[in-house]
Amino acid sequence: MSDSHEPQASDSGPPPLHGLLAEYRTPAELLRASKKVRDAGFSRWDTFSPFPVHGIDKAMGIKMTILPWIVLGAGLTGLATAILLQWWTNAYDYPWLVSGKPLWSIPANVPIMFELTVLFGGVTTFIAMLVLNNLPFPSHPLDHVRRFARATDDRFFLLIEAADPKFDETDTRALIDATHPIAVEGVPEDRKTSDKLPTGIIYSLVIVTVMSAVPFALAAKARYTKSRSTRVHIIQDMDSQPKYKAQRENPVFSDGRSTRLPDPETVAVGELREDDHFWRGQDHGAWVRTFPPTFRVDEAAMLRGQQRFGIYCTPCHGFGGEGNGMVAKRADELAQGTWTPPSNLTDERIRNMPVGEIFNTITNGVRNMPAYGPQIPASDRWAIILYLRALERGHAGKIADLEPAERTGL
C-alpha cells in the first residue's frame, strides 16, 4: 500500500481540461454568442457578466425555474401548520373560553398564520436556491484564471465545460471563434484547492452542534426537576422591580408613603371650568338668573331634565315637586324628630330663586340634601332646572294663561 502523502496516479501530469472560456467586450456580443452555443445543442455551459444582461436567459434557452412552485408549497405548508397548531392548542388540547368568544376563529389567528407562511416560504427560498444552483461552491477552476477577474468589472465571459456530451475541443473552439471573442482560453481543472473540508471547520461544526443541544437540555432539566432556589433570571423585563401597594411604607418619598396625593394645582383635561356661569351658576360672585349661553334650551333638554328629575329628585320632592316623595312620607311616618322636610319646589320662594342658586344647591347640597355634583353632570343639572321651571309654571298657572281652544278642552 502506498503512502497517503504520495501523489496519486491521476494527479501526475498536466491537469485535464475543464472547459473553454471566451471573453467579449459588450453584452450584445455575449448575447449573440449565447444564441449560437444554444443552437449548437450544448447543455453544460454558462455565461458571466458584471451586471444582469436583459434577454440572456432567453438567449441561453433557460427554462422557467421550479423555485416559485417550491416556495408556494412551502408557504401553504406554513399556513396549514399555523392553522393546525393554533386550533390544536386553543380549541382541542387546552380549550380556554374567554367571554363567550369562539375557541378558534380566523381573525384572532391571522398574525401567526401570516408569520409561519412567510417563515416557511423565506427559509425554503434560501435553501432551494442554493440546491438548484449547486451552491455553495467554495472553489472553481475559473478562480485561477487571471483574465476572469474582469468578470466583475467590464468584461463578459462564456464557458463551455468539457463534460458536455457534445464537447470536442477542436469543434468547440471553432464554434467559439466564429462568435468573434477577444480571446479564447482553455481552463484546466483545479488541482491547487483541496477537495477536503478544512479540519478547523469540521471541529467547529461538531462543537456548534453539541453546544446547540445544551439549551434544550437545560430547559428539560428545569421542567422536570425541583429546587428551593429561584431560577436564573438574566432578562428581567421589569419582573423583579420593587412593588409598593397603597397605604404601604415607601422610603423613596420624604413622607414615607406609597400613595401620592394629587398636586392641588392639577386640572384634568376638559375640567378647567373657567366659565363660572355654566360651572358655578355665578357671574362676578352673584347668582345668575339666566341659563348659560352654552346650554341649549330646547325640547330635548326639557325631556332630559324630566328624566333626571325623576331619577334624583322625586324620591324626596315627589313627581310634582311638592316635597311629598316616598322618602319624605316614610320619614314623617317614623316621626323621629330629626327629619327636615324637603322643600316644596313650587313655592313662590323657589320660583323667585335665581337659577344659579338652584344650580349651587343641586351641586353642593343643603341641609339633609346631599351634594349631587359628583353624580350629575353640569349639563344635566341645568336640564333639571329647566324642567323645574316648567313644573313651577304649571303649578302657578291660571285659566287666563291658556288659549281659548285649550280652555274648551278642560
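Any read-out appearing in this document is the output of simple, stated calculations on the displayed coordinates, not a laboratory observation. A quick note: this is a predicted structure, and the numbers were derived from the prediction, not measured. Glycine also receives a Cβ, built like all others from the backbone with ideal geometry; neighbour counts cover every protein chain displayed.
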Residue-averaged [θ]222 nm for the chain, counting only DSSP H segments that reach four residues, each worth -39500 (n - 2.57): -13000 deg cm²/dmol
Within the set 35/192; 58/166; 63/192; 101/243; 101/226, which residue pairs have Cα atoms separated by over 26 Å? 35/192; 63/192; 101/243; 101/226
Please work out the Cα center distance from the stretch 168-198 to the stretch 253-273, rounded to the nearest Å. 84 Å
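For 326, 60, 238, what ranking results if the residue with the fewest other Cβ atoms within 10 Å of its Cβ goes first?
Going from sparsest to densest Cβ surroundings: 238, 326, 60.
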Any chance you could run the full-extension gain for residue 393 through residue 303? It's 0.36 nm times the residue separation minus the Cα-Cα distance, nm to one decimal. 30.8 nm
Given (i) 46.6, 139; (ii) 26.5, 78; (iii) 25.5, 91, which label gives Rg and Dmax of the Cα atoms in Å as computed from the coordinates? (i)
Give me the one-decimal nm value for the distance between modelled label points at residue 140 and residue 234, 7 Å along each residue's Cα-to-Cβ direction. 4.0 nm
Which angle between 0 and 90 degrees, to the nearest 10, do you get for helix 27-39 versus the longest principal axis of the chain when only C-alpha atoms count? 70 degrees
Kindly express, to the nearest 10 degrees and within the range 0 to 90, the angle between helix 378-396's C-alpha long axis and the longest C-alpha principal axis of the chain. 30 degrees
Rounded to whole Hz and in sequence order, give me ³J(HN,Hα) for the stretch 346-355 from the Karplus expression 6.51 cos²θ - 1.76 cosθ + 1.60, θ = phi - 60°, writing x for Gly and Pro. 9, 4, 5, 4, 6, 5, 8, 6, x, 4
Please give, to one decimal in nm, the separation of the simple spin-label points placed at residue 357 and residue 194, each 7 Å out from Cα toward the Cβ. 10.9 nm
Could you calculate the contour length gain from residue 93 to residue 56, that is, 0.36 nm times the residue separation minus the distance between their Cα atoms, to one decimal place in nm? 7.8 nm
Along the Cα-to-Cβ line of residue 86, 7 Å from the Cα, sits a label point; which residues in the stretch 108-142 have backbone N less than 12 Å from it? 108-117
Net charge dipole size for the stretch 15-191 [Lys, Arg +1 and Asp, Glu -1 on Cβ; Debye, nearest 20]: 420 debye
Considering the options 382, 28, 83, tell which one lies farthest towards the positive end of the dipole of the chain, charges being +1 on Lys and Arg and -1 on Asp and Glu at the Cβ, about the Cα centre. 382
Helix 299-312 sits at what angle to the longest principal axis of the chain, using alpha carbons and giving 0 to 90 degrees rounded to 10? 80 degrees
Taking 0.36 nm per residue of separation and subtracting the Cα-Cα distance, what length does fully extending residue 261 through residue 201 add? 15.1 nm
Report the label-to-label distance for residue 35 and residue 338 in nanometres (one decimal), using points 7 Å from each Cα along the Cα→Cβ vector. 11.2 nm
